[in-house]
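Step one of this worksheet: look at the structure below.
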Amino acid sequence: MNLFSHFRPIGLFCILILFMACKDKPNGKPGMEESLVPSLKNTFSYDFFIGAAINGGAINGSDTLALDLIRREFNSITPENIMKWEHIHPFPDKFNFEMPDKYVRLGQKNNMHIVGHTLVWHSQLAEWVAQVNDSASMAGLLTEHITKIVGRYKGKIDSWDVVNEALNEDGSLRESIFKEVLGDHYLELAFRTAAKADPEAQLVYNDYNLTHPEKREGAIRLVKNLQENGVKIDAIGMQGHWNLERPTLEEIETSILAYHKAGVKVLITELDITVLPNPWELEGAEVSQNFEGNKFMNPYPESLPDSVQNQLAERYADIFSLFAKHRDKIDRVTFWGINDGASWLNGWPIKGRTNYPLLFDRNYRPKKAYESIMKLKK
Ligand code: XIL
């Protein structure tokens, strides 16, 4: 037996490994070197996109540590604020495209799945919109807003949160300026217009508390209503502003299955897990609910005790194994922020608290929760 035949099986094995590493993954296309680096995006590359909401500091390049993490760990981005109506369309004839353009370039440069957030929402809306009070003008305005923004990023933004938070907790349609002036069919107009402006983009209805039975039924009615009217809707975005106990794994799973059955993809769009007490057992993310707190409400101003750190890690591991189980139904899991220091949950629902809801700490270092998720695939 010569030396070559002895090493042949090992050689073939190495070639196979190299081939696997070079092969394009379904989510993004990491090169060989990049795909070997342990990271969230590589760990879950056969399951779903791993995204993060990013803010102005990352987009304009001043937060270099956040940028490093975004490039290393994530293959999808969502703009935390810069595409909301009050920022992108602050006056009738003024659109601010500077930051959104930078945001999209950042995603393109890094070969990412780029999300647009959000076209139609009652919150962070420009004040002047409230003055539009006849239906023809409002329909014209909505059409212009959506056509201009979606059209500008046609073929570049992959997924749009077309309508955000249109439902009440009981599943009925929330009162908003759009509903008041246009009636219930404003949703249809919004989705139709988005589909026309970019037929290839994934169109999403996004909301919080979509694991609550009544609201879930409302979301399913909303999807069915659009489908029955021949309007394209591709996915439900479950925001994922959750806590250590709720929603239960069972509630999450029931919801994933229900949306899948309704014929749409499931996205976890705004994942963060608060570890702080909640003033009124408040769930979800109603942005208008915000009040001053006290020390009881801010128990960990310096650091998070190990016991809670462990609880958070376990909770993240549990929900990620559930997500992985339903990888055929879930397209993307996006965290609402990169690191604890920049999370909106330090300021909501009580201002000035110290919260620990994400996978990276205030020094941009991976937490135990990060390790617990990465371990799932070992
Ligand atoms: C939040 C941002 O994170 C904050 O910076 C901003 O002050 C308020 O909005 N649901 C959504 C997100 O769809 O856009 C919200 O983002 C959080 C709740």
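Selection within region 129-151: residues that are over 29 Å from the mean Cα position of the chain (by Cα) and in a helix (DSSP H, G or I). The member of this set that is farthest from ALA197 (Cα to Cα) is GLN131.
Checking the stated criteria, VAL104 turns out to be away from the ligand (no atom under 16 Å from the Cβ) and either of a type outside the set (Asp, Glu) or not in a loop (DSSP other than H, G, I, E, B) (or both).
Applying the condition of being surrounded by fewer than 24 Cβ atoms within 10 Å (Cβ to Cβ) and in a helix (DSSP H, G or I) to region 48-69 and asking which residue is nearest to the ligand (Cβ to nearest atom) yields GLY56.
Of the residues that make up region 303-312, is at least one modelled with pLDDT of 95 or more, acidic (Asp, Glu) and surrounded by 14 or more Cβ atoms within 10 Å (Cβ to Cβ)? Taking every residue of region 303-312 in turn, none turns out to be modelled with pLDDT of 95 or more, acidic (Asp, Glu) and surrounded by 14 or more Cβ atoms within 10 Å (Cβ to Cβ).
Residue count for region 247-269, restricted to those that are assigned to a helix (DSSP H, G or I), buried (at least 17 other Cβ atoms within 10 Å of the Cβ) and of a type in the set (A, V, I, L, M): 3. Screening region 225-246 for residues that are farther than 18 Å from THR193 by Cα and of a type in the set (D, E, K, R) and picking the one that is surrounded by the most Cβ atoms within 10 Å (Cβ to Cβ) gives ARG246. Among the residues making up region 312-326, those that are farther than 18 Å from LEU267 by Cβ and either free of Cβ contacts under 8 Å to residues at least 40 places away in the same chain or not small (Gly, Ala, Ser) (or both) are LEU312, GLU314, ARG315, ASP318. Take HIS87 and tell me if it is without any contact (Cβ under 8 Å) to a residue 40 or more places away in the chain and within 16 Å of the ligand (Cβ to nearest atom). When the stated conditions are applied, HIS87 passes them. Among the criteria (1) within 16 Å of the ligand (Cβ to nearest atom); (2) over 19 Å from the mean Cα position of the chain (by Cα); (3) not hydrophobic (A, V, I, L, M, F, W, C), the one GLU228 does not fulfil is (1). On the stretch given as region 101-150, residues that are farther than 16 Å from LEU189 by Cβ and out of contact with any His (no Cβ under 7 Å at 6 or more places or on another chain) total 25. Residues that are among the aliphatic types (A, V, I, L, M) and not in a strand (DSSP E or B) were ranked within region 108-128; the one that is surrounded by the most Cβ atoms within 10 Å (Cβ to Cβ) is MET112. Looking only at residues of region 139-173 that are more than 12 Å from ASP207 (Cβ to Cβ), small (Gly, Ala, Ser) and away from the ligand (no atom under 16 Å from the Cβ), we find that the one that is surrounded by the fewest Cβ atoms within 10 Å (Cβ to Cβ) is GLY155. If I filter region 312-358 down to residues being within 12 Å of the ligand (Cβ to nearest atom), outside any helix (DSSP H, G or I) and polar (S, T, N, Q), which single residue comes out as nearest to THR64 (Cα to Cα)? If we take residues in region 312-358 being within 12 Å of the ligand (Cβ to nearest atom), outside any helix (DSSP H, G or I) and polar (S, T, N, Q), then SER343 is nearest to THR64 (Cα to Cα). Of everything in region 263-277, what is farther than 12 Å from LEU210 by Cβ and in contact with a Lys or Arg (Cβ under 8 Å, 6 or more places away or on another chain)? Give them in sequence order. Matches in region 263-277: LYS265, ILE273, LEU276. One residue alone among ALA219, ALA194 is within 16 Å of the ligand (Cβ to nearest atom), at negative phi and part of a helix (DSSP H, G or I), and that residue is ALA219. Scanning region 231-249 for residues that are more than 16 Å from the chain's Cα centre (by Cα) and more than 30 Å from ALA342 (Cα to Cα) turns up VAL231, LYS232, ILE233. On the basis of being within 30 Å of TRP348 (Cα to Cα) and more than 16 Å from the ligand (Cβ to nearest atom), does GLY240 make the cut? Considered against the rule, which asks whether it is within 30 Å of TRP348 (Cα to Cα) and more than 16 Å from the ligand (Cβ to nearest atom), GLY240 comes out as no.
The values are calculated or read from the model by the stated rules, or taken from the named source; none is laboratory data. Because the structure is a prediction, the values reported are computed rather than measured. So basically every Cβ, Gly included, is an ideal-geometry build from the backbone, and we count neighbours across all protein chains shown.
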